[in-house]
1. Go through (1) without any contact (Cβ under 8 Å) to a residue 12 or more places away in the chain; (2) not in a helix (DSSP H, G or I) and name the single condition K111 misses.
2. Would you say A6 is at pLDDT below 95, farther than 15 Å from E88 by Cα and among the small types (G, A, S)?
3. So K34 ticks every box in (1) in contact with an Asp or Glu (Cβ under 7 Å, 6 or more places away or on another chain); (2) surrounded by 11 or more Cβ atoms within 10 Å (Cβ to Cβ); (3) among the basic types (K, R) but one. Which box is left unticked?
4. Restrict the check to the stretch 46-61 and report whether at least one residue is closer than 17 Å to E28 by Cα, among the small types (G, A, S) and in the same structural domain as V14 (by TED's automatic domain parsing).
5. Hey, can you tell me all the residues within the stretch 17-45 that are under 18 Å from R89 (Cβ atoms) and in a loop (DSSP other than H, G, I, E, B)?
6. Within the bounds of the stretch 60-70, is there any residue that is without any contact (Cβ under 8 Å) to a residue 40 or more places away in the chain and in a helix (DSSP H, G or I)?
7. Within the stretch 37-56, how many residues are in contact with a helix residue (DSSP H, G or I) (Cβ under 9 Å, 6 or more places away or on another chain) and modelled with pLDDT of 90 or more?
Amino acid sequence: MLLTDACEREDLEVLTVDTDYRHKRHLENLSIIKGAILTCLYNRSGDVVIKVRDGRIAINREFASQISVKSLNPEDYVTKTNASGKNERVPTAAALIRFRKEDDIYRQDEKVFREALKKQREEEKKASEVNHV
C-alpha cells in the first residue's frame with residue numbers, strides 16, 4: 001500500500017522508498033527509512049501529514065506516492081467504494097469508538113493539566129506580590 005492510501009490515525013511501517021538518491025537521502029535525514037514506524041495524521045486533499053518519532057512532517061501527494069507502507073493494525077480499517085466508484089480505506093466502527101474514547105481521555109488530561117497550570121500561575125503571582133510588599 002502507498003502512503004497516499006493510508007487513513008488518518010493509522011500506524012504504519014515503511015517498507016520501501018522508491019525515489020531518486022537525493023530525495024531518498026533527504027527522507028533518511030527525516031528518519032523515514034525502511035522499517036520506520038510512523039502515524040498518518042492527515043490525508044485528504046493534496047498533502048499527507050505524518051508523525052515520525054516526536055515530529056510532524058508534511059509530504060506532497062506525488063512524493064508520498066513513492067513511499068510503500070504496511071498497516072500495523074489492518075483489522076481496524078476496511079475498503080469501501082465511495083459514491084464516485086473509487087475504493088477508499090475507512091476505519092471500522094470499533095476503531096471509531098476507540099478513537100472517540102482516546103480523544104475523551106486526551107481532552108480530560110488536557111483539562112487537568114490546564115487547571116494545574118492555572119493554579120500554579122496564581123500561586124506564583126501571589127508569591128511575587130508578597131515579595132514586592
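1. (2)
2. no
3. (1)
4. Yes, some residue in the stretch 46-61 is closer than 17 Å to E28 by Cα, among the small types (G, A, S) and in the same structural domain as V14 (by TED's automatic domain parsing).
5. So the first thing to find is which residues in the stretch 17-45 are under 18 Å from R89 (Cβ atoms), and the list is 38-45.
If the condition is that a residue be under 18 Å from R89 (Cβ atoms) and in a loop (DSSP other than H, G, I, E, B), then R44, S45 are the ones that fit.
6. Here is the first cut: in the stretch 60-70, the residues without any contact (Cβ under 8 Å) to a residue 40 or more places away in the chain are 60, 62.
Filter once more, keeping what is in a helix (DSSP H, G or I): 62.
Checked against the condition, which is being without any contact (Cβ under 8 Å) to a residue 40 or more places away in the chain and in a helix (DSSP H, G or I), the stretch 60-70 yields at least one hit.
7. 4
The values are calculated or read from the model by the stated rules, or taken from the named source; none is laboratory data. Note that the coordinates shown come from a computational prediction; the quantities given were computed from them, not determined experimentally. Glycine also receives a Cβ, built like all others from the backbone with ideal geometry; neighbour counts cover every protein chain displayed.
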